[in-house]
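Report on one structure; see the data block that follows.
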């Protein structure tokens, strides 16, 4: 893999990402709106947390990661593939692995901005930044790799329209099963066990634990690492440059 081609593609991906206004709405405005809305209406039942915002901030951070790395990146890449953009890239020194790395690096850069904005808004509505914010950032970056792998796997194997539907449908399923806006223990037991094997719940639960005094869920961390390793490997293996 040539470093120059990788760096050039990463710069191009960053510029394109910033030019897509709809992507910025998904990745920045929607998570912030959810945080403010649910924190203010005080309708979230959060056992073990003194205030709803203490439960919501970690969940919204995880939601932002999922929206940017899986939905926004995956859909945009799927249509680039549909219109032949990726086919032209396939004739350059950039490999499939290089494309995945450059796109994931672009999302990681955007994640820094997302984290800062969510933390600032959280503080403004009453959240006290805990000491665990540093390990939480590490977990969020790990989650970004996992969700970027999922998004790129769908974008590189499905037709653009099917990828669009699959990305949005999976987003809703993982939002429901991710423990982001309400505790997982509100779900039926069988559904809880299934949810804990998915990356959304693994990310939100581990981030929430390091931002609170709750015991760290090592099982969920193992699940998150497995997704962060497995999803990108599958994407690199099966990604096709054209439909």
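Just so you know, in segment 217-243 the residues that are farther than 18 Å from residue 69 by Cβ and in a loop (DSSP other than H, G, I, E, B) include one that is modelled with the lowest pLDDT, and it is 243. Looking at 55, 79, can you tell me which residue is surrounded by 23 or more Cβ atoms within 10 Å (Cβ to Cβ) and at pLDDT 85 or above? On inspection, the qualifying residue turns out to be 55. The test for being assigned to a helix (DSSP H, G or I), modelled with pLDDT under 90 and loosely packed, with under 15 Cβ neighbours inside 10 Å does not hold for residue 101.
The residues on offer are 146, 165, 136, and the sole one that is farther than 18 Å from residue 31 by Cα and surrounded by 17 or more Cβ atoms within 10 Å (Cβ to Cβ) is 146.
When you check residue 158 against the structure, is it farther than 24 Å from residue 112 by Cβ, surrounded by 13 or more Cβ atoms within 10 Å (Cβ to Cβ) and without any contact (Cβ under 8 Å) to a residue 12 or more places away in the chain, yes or no?
Numbers: farther than 24 Å from residue 112 by Cβ: yes; surrounded by 13 or more Cβ atoms within 10 Å (Cβ to Cβ): yes; without any contact (Cβ under 8 Å) to a residue 12 or more places away in the chain: no.
No: the conditions fail for residue 158.
Counting only residues that are under 18 Å from residue 143 (Cβ atoms) and either outside any helix (DSSP H, G or I) or in contact with a helix residue (DSSP H, G or I) (Cβ under 6 Å, 6 or more places away or on another chain) (or both), how many does segment 167-204 have? Final tally of qualifying residues: 19.
Would you confirm whether or not segment 133-147 contains a residue that is more than 12 Å from the chain's Cα centre (by Cα) and over 16 Å from residue 61 (Cβ atoms)?
Filtering segment 133-147 for residues more than 12 Å from the chain's Cα centre (by Cα) gives 133-138.
From the residues that got through so far, the ones that are over 16 Å from residue 61 (Cβ atoms) too are none.
The answer is no, given that none of the residues of segment 133-147 is more than 12 Å from the chain's Cα centre (by Cα) and over 16 Å from residue 61 (Cβ atoms).
Restricting 138, 151, 143 to those that are part of a helix (DSSP H, G or I) and farther than 26 Å from residue 238 by Cα reduces the list to 138.
The values are calculated or read from the model by the stated rules, or taken from the named source; none is laboratory data. Note that the structure is predicted; figures quoted are calculated from it, not measured. Counting neighbours? That spans all protein chains shown, and the Cβs are built from the backbone with ideal geometry, glycine included.
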